[in-house]
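Structure first, then comments.
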2 protein chains.
Amino acid sequence: MNLVEGVLAGERLALARLITQVENGSPEGRDALNRLFSYTGRAHLIGVTGSPGTGKSSLVNQLARAYRHPMDGRQPVKVAVVAIDPSSPFTGGALLGDRVRMRDLAGDPGVFVRSMASRGALGGLSRSTAAVVQVLDAAGFDKIFIETVGAGQSEVDIARLAHTTLVVEAPGLGDDIQAIKAGILEIADILIVNKADRPGVENTERALRSMLELAHPEQMQMGSCGRGGHGNKPRTGTLPALEDQIWIPPVLRTVAMQGSGTQEVLAAIERHAAHLRETGEWQARERERLESDLNNLLQAILVARWREGVSDAELQDIVSRLQDRDLSPYQAAEQLLDLAESPNKV
Amino acid sequence: MNLVEGVLAGERLALARLITQVENGSPEGRDALNRLFSYTGRAHLIGVTGSPGTGKSSLVNQLARAYRHPMDGRQPVKVAVVAIDPSSPFTGGALLGDRVRMRDLAGDPGVFVRSMASRGALGGLSRSTAAVVQVLDAAGFDKIFIETVGAGQSEVDIARLAHTTLVVEAPGLGDDIQAIKAGILEIADILIVNKADRPGVENTERALRSMLELAHPEQMQMGSCGRGGHGNKPRTGTLPALEDQIWIPPVLRTVAMQGSGTQEVLAAIERHAAHLRETGEWQARERERLESDLNNLLQAILVARWREGVSDAELQDIVSRLQDRDLSPYQAAEQLLDLAESPNKV
C-alpha cells in the first residue's frame, strides 16, 4: 500500500510521512497531492492567531478536547492541529511544542497534531501550510485548526486560509497591542479574551468592543454585539434577506488553563460555520483560498523556471554590479530577465 | 526642481512625497530610485524587532535622541526611523504612531520618521521597505532604524535588511515568548531586556543567556558573554586573526521610558558596526541584502508579466475547475502557464 492509499485508509504513519514529503516539496509529495486533491473540500478550517503570550495553544487544546468529547450528545468529530512554530530548528522548539500538546491529547486516534517550522518552506509558508491542510482534509479530519504564533503579516495570511478565524487576546500585554489588534480585527470572526481571570479583563474587552464599533458602526447599534449572533436588521414576520445577514464578531471570555469558556467558543465556531453556509460565504472563502494558493504556487514555479535560464556566474556578476552601484535594482532585474530569455542561450 | 533633486538637497517635503511614490510602486518612484541608487550604500541600517509590548518604539526614540545629542562630543548624525505598522488603514494606526513619535522628535530637521502600513505593498513588504530605505540612504541619513512590531516571518525578513539587528525583550510577557526568542535569536546582534525595572528581569536575562550558550557554546565559555565584546580566542601577544573574531550578542538592560541604558545600547551598536567593517562582514551583509531585494523584485516582475498573458475569464475558469476538484493546484498552475505561453495568443 502506498502513502496515498494509507492516508485515505486513515493510517497515521502514512499521514505523517506524506506530510513530511509535502512540506519538503518533493515530487512524491506533489504527485500525492494531485491524487488526494479530489478528496478535499470537506473540512472546516479554523485559524487561530493573536499576540504571543495570549495562551492560544491551551485554547486550541481545550477546543480539540471539546470536539472529541461533545457535551450535547453529538458524535465526536476528527480534529487536526497545524501549529506554525517560529522556533528555530537548532533549539528544538517544534519538538518541545509537540510534546507539550501530546500530554493532553495523546493516544486519541481522532486527533492529529503537527508543528511546522516557519522557515525555509518552498514557495512560501502559506503555500506549504495550504498543502499540509489539504492532506489533512483528504485524510478525513473534520475540524482543522491552523494556529500561528505572532501577529505578523505572514501569520495573518495563514489565518486567512481558514473559514473561521479566531483572534485571541489577553489582559495586560503591553502598549503596542492596540496597534496589532487594529490590524487583525479585520480578519477576526470570533474575538477571545483568554486569561480572563487576570486583572484588566474589562479594559481589554472594552477596547475590543470599541474597535468593533469603529469597524461595524451600524450593526453594533442593534445591540447584538457580543452575543455572537447575526447582526440582522430587524424585519417583522419575515426572515432577513441573505444580504442583510452580517456577522458581528462576538467577544468571548475564556480561561483556557481551566477550560472555562470553551463550550461557548465551540458554539460560536459552529454558529459561524452555519452562517457561512447559509449566506454562500463558505464557497466564496473557499474560492478565495484556492485562488490565493494558486497564485503562490505560480509564483514559485515562475521563479524556478526563470532561475534555470541564468547561470550562477551571471547572477553573481549582476549582484556585483549592483553592489558597485553600476546598476539600480530595477536595471539589474531587467538585465537578468533579458539574460534568461536570450534566444542564443543553450 | 524635481523630487530627486529635492531629496538630494535635503528637502523634507520632496523626501516625503518621493517615499509615497516609491511605496505605491509608481513609475515616477521607479525612475527616481534608478537615479538615486548611486547615492546609496552609506547609511548604517539598524533593525529593531521583538514581541509586542516590549517597548521597541520608546527605545528607538531614545536611541534617535542619543544620536542627535551625543554625550561624548562627537558630531550629531542624521537619523531616520521606518516603522512597519501592522495597523489597518481604517483605524488610523499609522497616523497615531507618527503623532506619538513626533512629540519627542518634532522640529529636529536631522530626524525623519515614517510609518509604513504592512498591507498591500506591491512586490511584498520587504521590497517596499528596501526601496524606502534606499531613498533615505540617498537622502543622507546616517542611521536608519527599521522597526517592526511583532515577531512573525515577514518581520524577521525585514529585520534582516539591516546591518545590525536589535532584538528587544521584556520581563514577564507570557508563555510562548520562549519559542519566539529561539527563532529570532539567530538574527540578533544585540539583545535588549527593556522595562528592566520590572520584576522578573533576572529570569528573562538568564533565559536569553542560556539560549545564547546553546547557540555559541564555545565562545560563551571564554567569559566574554554579555560584555558586548568580540568573542576572540585568546592569543598571546598577537592580534586575533579575522576569522576568529566572532561577535557574541551582548545582553543589555534598558528602561527606555526613563532613558536608562540608552548610551550602552548606542555604544554596542557602534561596536557592532566597527566589527562588521573590520571583518568584511559589512560588505557581505550588504551583498546579501541587495541580492534578496533583487529576488523580490524579479518575482514581482515575473508574476506581473505572466499575468498579462492570461485573461480574467481564463483565470476564473481555471479557479472554478479547481473549486470543482476537476484540477489539483499543480495541474491548474500548469494549465495557466501553458495559456500564458501559448504562441497563438494575440
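The values are calculated or read from the model by the stated rules, or taken from the named source; none is laboratory data. Given the structure is predicted, the values throughout are model-derived calculations rather than measurements. Reconstructed Cβ throughout: ideal geometry from the backbone, glycine too, with neighbour counts over all protein chains shown. Just so you know, the surface numbers come from the protein's heavy atoms only, side chains and all, with ligands and any DNA or RNA stripped out. Shrake-Rupley method; radii C 1.70, N 1.55, O 1.52, S 1.80 Å.
Using only atoms on other chains, find how many Cβ atoms lie within 10 Å of each Cβ of peptide B:39-49 and report the average.
Across B:39-49, the average partner-chain Cβ count within 10 Å equals 1.
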Under 5 Å from the placed amide H of B:Glu147, counting only residues 5+ away or on other chains, we find B:Val48, B:Val82, B:Ala83, B:Ile84
Between chains B and A, total accessible area buried, probe 1.4 Å, no ligands or nucleic acids, nearest 100 Å², roughly 7100
Going residue by residue through region B:21-30, the Karplus relation 6.51 cos²θ - 1.76 cosθ + 1.60 with θ = phi - 60° gives ³J(HN,Hα) values, rounded to whole Hz and with x marking Gly or Pro, of 4, 5, 4, 7, x, 6, x, 4, x, 5
Output field shielding_mean for B:321-332 (other chain Cβ, 10 Å radius) holds 6
Summed over the other residues with a beta carbon less than 9 angstrom from that of B:Ser320, with K and R at +1 and D and E at -1, the charge totals -1
Inter-chain shielding metric for B:53-64, i.e. average beta-carbon neighbours from other chains within 10 angstrom, reads 2
Residues meeting the amide H criterion for A:Leu327 (H placed from the backbone, H to H distance under 5 Å, 5 or more places apart or on another chain) are A:Leu322
With one decimal in nm and the nearest listed first, the spacings from A:Glu334 to its own position in the other copies, using label points 7 Å along Cα-to-Cβ, are 3.6
Computed ³J(HN,Hα) along region A:199-211: with the Karplus parameters 6.51/-1.76/1.60, θ = phi - 60°, integer Hz and x for glycine or proline, the list is x, x, 4, 5, 4, 4, 5, 5, 4, 4, 5, 6, 5
Between A:Ser311 and B:Arg209, the two model label points (7 Å from Cα along the beta-carbon direction) sit apart by a distance in nm of 5.3
Between the modelled labels at A:Glu334 and B:Asp197 (7 Å from Cα along Cα→Cβ) the distance in nm is 5.6
Copies of A:Met71 compared via label points 7 Å along Cα→Cβ give distances in nm, shortest first, of 5.7
For A:Glu28, inter-copy label-point distances (7 Å, Cα→Cβ), nm, shortest first, read 5.6
The answer for B:Glu169, listing residues at least 5 apart or on another chain whose modeled amide H is closer than 5 Å to its amide H, is B:Ile192, B:Val193, B:Asn194
Phi-derived 3J(HN,Hα) across region B:297-313 with the Karplus relation (6.51, -1.76, 1.60, θ = phi - 60°), rounded Hz, x for Gly and Pro, is 5, 4, 4, 4, 5, 4, 5, 4, 5, 4, 4, 5, x, 10, 7, 4, 5
Trypsin sites (Lys or Arg not before Pro) in region A:23-84 lying in a DSSP loop, each with at most 14 other Cβ atoms within 10 Å of its Cβ, come to A:Arg42, A:Arg74
Net charge near A:Asp142 (other residues with Cβ under 9 Å of its Cβ; Lys, Arg +1; Asp, Glu -1) is +3
